[in-house]
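Each reported figure results from applying straightforward, stated rules to the coordinates on display, with no laboratory input. Since the model is a prediction, treat every value here as computed from it, not as a measurement. Virtual Cβ from ideal backbone geometry, glycine too; neighbours counted across all protein chains shown.
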Amino acid sequence: MSVLAVISTLLLLAVVMAVVSRPLLSARTPDEPRTPERAELEAEREAKYREIRDAELDYRTGKLSHEDYEAVNGALRAEAVVILDQLQEDQAASPPK
Amino acid sequence: MAQFGGACLILALGVCAYGIGASIYGVRTGRPEFSESGRRSVYALAGILTVAFAVLELAFLRNDFSFNTVADTSSATTPTFYKAAAVWSSQEGSLLLWAWLLSLWSTLVLFLTRKRMRDVSSYATAILLGFGGFFIALMVFYANPFATTDPAPAEGVGLDPLLRHPSMMIHPPMLYSGYTLCIVPLAFGMGALLARKVDAEWIKATRRFAMAAWLFLGIGIMLGARWSYSELGWGGYWGWDAVENASLMPWLCATAFIHSLMIQEKRGMLKVWNVSLVLATGTLAIMGTFLVRSGILSSIHAFGGATLGVPFVVLIGVLILSSIYLVSSRREMLRSEHRLDSLLSRESIFLANNLVLVGLCFVIFWGTYFPLISEALTGHEASVGPPWFDRYTVPLALILVLLSGIGPVIAWRRATFANARRNFVIPLSVALSTLVVLLAAGVADGKPLALAMFCCAAFVMGSVGQEYWRGVRVRRAMAGEPAPLALVALVKRNRRRYGGYVVHIGIAVLFVGVAASSSFQHASELSLSPGQSTKVGAYTVRYVRPTAAVTPKYDPVHTGSTLSLGAVLNVSKHGKHVATLTPAEDFYDSGEPAQGSVGHLIGGQPVSQVSMDGGITRDVWSAIAPNIDTPRLKRIVEIGNKTLPIVRPDEGMIAVAVLAREYLKSPPPAEFHLIVSPLVMWIWVGGMIVAGGALIALWPAPSAVRARVGVRARSRRAARGLARA
């Protein structure tokens, strides 16, 4: 192996080790991500908001009758309230940093 | 340089092993610093492989023939444009490209999810590094791109002439991007199952990657079809070849997943189905790579050797068994949270669409692997051809196109028959009008399947057109915007929905092109001498005169051929000149001294240069196979072989010039392949529309955050009001 190749490899190895070992050497613990439950609730909330918007668009573009829209929209919003309440409880239990 | 490249690979393998260990240790012991270190291993891997890829690319550009890969797939006379692409024409280079692309996508997804789903992403990190490690190990132990020969040969063999086509510069990176992007949802799906967190969050995190995989695979498939049509000289764009099928199968599975994941996001349903589709898509992507690289099935596109078969079979076996184990052992937590509200709902249409797509995938899988299955069962290898595929795929494609028109006009959750009836009036009217016009014009006589496809496509146009028109009308009523602004605002606010509709239009256009070009094609294969004419459909094609060019390095399409023999064809319709076509066949240096000092200069694999006149209504396509085996032309080569020294190719080229002049002076009859195909251009236009729609759906909405805040506040107020009521 040529000297240049050895030096280049050692340099690359040093950079890799610095990148990979930084979390192990650092005194700072990596940022705690949101709790899995909260992340799941937030994903559900986003999906529910999208569903509410979609139902409204379906209604306005004539794909849902007024009665069906009222029923679907009511059910969706009731489901949204449950998710929002759960999210509020989770936030009260462990406020975000 | 080669030693440094090899060291990069060993370092990369070490990083993969460490990252897998650190990620699993971190998640199993609850020590996030190890998970974080594992994640950073992926970043480091991307950096190392970028350096390794740059080393190999430089070796190609600098004609460093001490690299075996460079000597085998490039040469000093290969145009620079193709030297850069020659990296992935070799087994070794394509494995490096695969691993490099995977490391880049893995870095992107792990960076984007660095503050979410720690457990899931730790497992996903280990799985992604496992795939990376597999491909790097293949390079280290089986197909090292940095292997060298000392002393280096003075000249390389050169790039396979078939691959000297512009779309070949981007076709493999596109397909490999698609394949490697398919691994991202697979890794997160497996990670979710391992971490027992099978909610919608992993889907949300990887949805865009699944869509990007679908887009890249689609672009790769279209570029491959275009290359086949304009380069291979058989006049078709799809031949149900094993390697073509291998890229289509994960695309079909990804299409099913992209639709069904919406049902899980919205309703918490189809969790088993979705995770199974993701695992199947990833496994099919690996199988696609395996087919190209193992050489297990013969294919015009397979450029690999047979050495990698066993490791790939082991990987695929592990993937299938672990997928089955994970899904079956987690089936309790994968139970659906809701049931279908109504059979007349968009969910039901999506389910039907999923069944058709998976059915298509199964048919193609069976037909592709039938040679292996039949050999395993009977000891004889049998294969199925295009008619077998057409028998099953055409009806399924018809249903698929029809469903892509029904879906947009049906509401989520539930729709009433009265509403559905009203929504179907315009699409049905458009479809029926198309039927009447085509029947009256006698266009589709005797071609019921083509007629059905035209009507289904018209139905899709009507249905999507109506959706856009109604959406714009609603937007105008709400915001008082002029129509063009309302259209832009509508699409910007609902990118997934309206981008998806554009994709449906593109698919319909593409299938119109496929149906028309395959059902109403006129083709002729015959021998013509200068001055002779033939009829192809409504067109008359006359062989005007032969052409010949001695083209060391500087042929018209810059592929590095030595001799190009062709013809000038005059195409006319009802006596009126339509086009002049100039098909040719390029001859290449074989690099085989045994063929003689002149013989080797034109002894390589000849490649057809197709000439066509494309238009929005039809393509007139031509290819030529000139005959250079006549006694007179053979004699020129024989005399040259005897009298000229092999070390003086410049003198040999003089003999090739004499051969070219003799060919022009008394041209022998040439074999022509002439095709008139209607609406082929619409296949490429449809593909571009599909890609455009996918980009719209994929693009992040800049106003999403602002809109979300507003909706959140309104929703909470309204939701509370409803709950109180």
Taking a temperature of 10 °C and a viscosity of 1.306 mPa s, what whole-number D in µm²/s does Stokes-Einstein yield for region A:34-97 with Rh from Kirkwood over alpha carbon pairs? 124 µm²/s
Please list, in order along region B:232-243, the HN-Hα scalar couplings obtained from phi with the Karplus expression 6.51 cos²θ - 1.76 cosθ + 1.60 (θ = phi - 60°), rounded to whole Hz, x for Gly and Pro. 7, x, 9, x, x, 10, 8, x, 6, 6, 4, 6
Relative contact order computed over region B:16-160 (Cα-Cα under 8 Å; 6+ residues apart), in percent: 38 percent
Sort B:677-685, B:422-430, B:344-352, B:212-220 by the packing proxy (mean of other Cβ within 10 Å over each peptide's residues), most packed first. B:212-220, B:677-685, B:344-352, B:422-430
Percent of alpha-carbon pairs separated by more than 52 Å within the protein assembly as shown: 22 percent
Mean projection of the alpha-carbon convex hull of region B:387-454 over all orientations, in nm²? 5.7 nm²
Going by alpha carbons, how many degrees (0 to 90, nearest 10) lie between the helix axis of B:448-479 and the longest principal axis of chain B? 50 degrees
Within the set B:Lys535/B:Lys634; B:Lys115/B:Lys266; B:Lys576/B:Lys665, which residue pairs have Cα atoms separated by over 26 Å? B:Lys535/B:Lys634; B:Lys576/B:Lys665
For the ranges B:326-333, B:174-181, B:603-610, B:7-14, what's the packing order if you count other beta-carbon atoms within 10 Å of each residue, average per peptide, and put the highest first? B:174-181, B:7-14, B:603-610, B:326-333
Per residue of A:68-81, other chain Cβ atoms within 10 Å number on average 5
For B:Lys83, the lysines lying under 17 Å Cα to Cα, once residues fewer than eight places off in the same chain are dropped, come out as B:Lys553
Among the Cα-Cα pairs of region B:39-116, the proportion with separation greater than 20 Å, in percent, is 39 percent
Residues other than B:His165 with Cβ under 12 Å of its Cβ, Lys/Arg counted +1 and Asp/Glu -1, net out at -1
Please report the orientation-averaged projected area of region B:128-216, defined via the convex hull of its C-alpha atoms, in nm². 8.4 nm²
Mind checking the log10 I(q)/I(0) for region B:607-677 at q = 0.15, 0.17 Å⁻¹? Debye, one equal scatterer per Cα, no solvent, two decimals. -0.64, -0.74
Counting every C-alpha pair in region B:404-514, the percent lying more than 16 Å apart is 64 percent
Under Karplus coefficients 6.51, -1.76 and 1.60, residue-wise ³J(HN,Hα) of region B:650-660 in Hz, glycine/proline x: 4, 6, x, 5, 5, 5, 5, 5, 5, 4, 5
The answer for B:Thr547, listing residues at least 5 apart or on another chain whose modeled amide H is closer than 5 Å to its amide H, is B:Gly566, B:Ala567, B:Val568
Neighbourhood charge, 12 Å Cβ-Cβ cut-off, centred on B:Ser529 and excluding it, Lys, Arg +1 and Asp, Glu -1: +1
Per residue Cα convex hull volume in Å³ - calculated over region B:155-261: 126 Å³
In whole Å, what are the Cα extents of region B:493-605 along the three principal axes, biggest one first? 66, 41, 22
Which whole-number value in Å³ per residue fits the convex hull of the alpha carbons of region B:1-164? 97 Å³
Compactness ratio of region B:329-427: Cα Rg over 2.2 N^0.38 Å, N = residue count? 1.52
Whole-Å semi-axes of chain B's equivalent ellipsoid (Cα gyration tensor): 48, 37, 21
Bins of 10 Å, starting at 0 and running to the largest distance - Cα pair percent for region B:530-668: 12, 39, 28, 15, 6, 1
What average count of beta carbons from other chains do you get within 10 Å of the Cβ of residues in B:264-270? 3
Averaged over residues of B:412-424, the number of beta carbons from other chains lying within 10 Å of each residue's Cβ is 4
Take the alpha-carbon positions of region B:469-512, form their convex hull, and give its projected area averaged over all directions (one quarter of the hull surface) in nm². 3.2 nm²
Under 8 Å for C-alpha pairs, at least 6 residues apart: give me the relative contact order for chain B, rounded to a whole percent. 10 percent
Could you sort the peptides B:536-547, B:141-152 by per-residue average Cβ neighbour count (10 Å cutoff), highest mean leading? B:536-547, B:141-152
P(r) for region B:449-559, please, calculated from all Cα pair distances in 5 Å bins and given in %. 2, 10, 12, 10, 9, 9, 9, 8, 8, 8, 7, 5, 2, 1
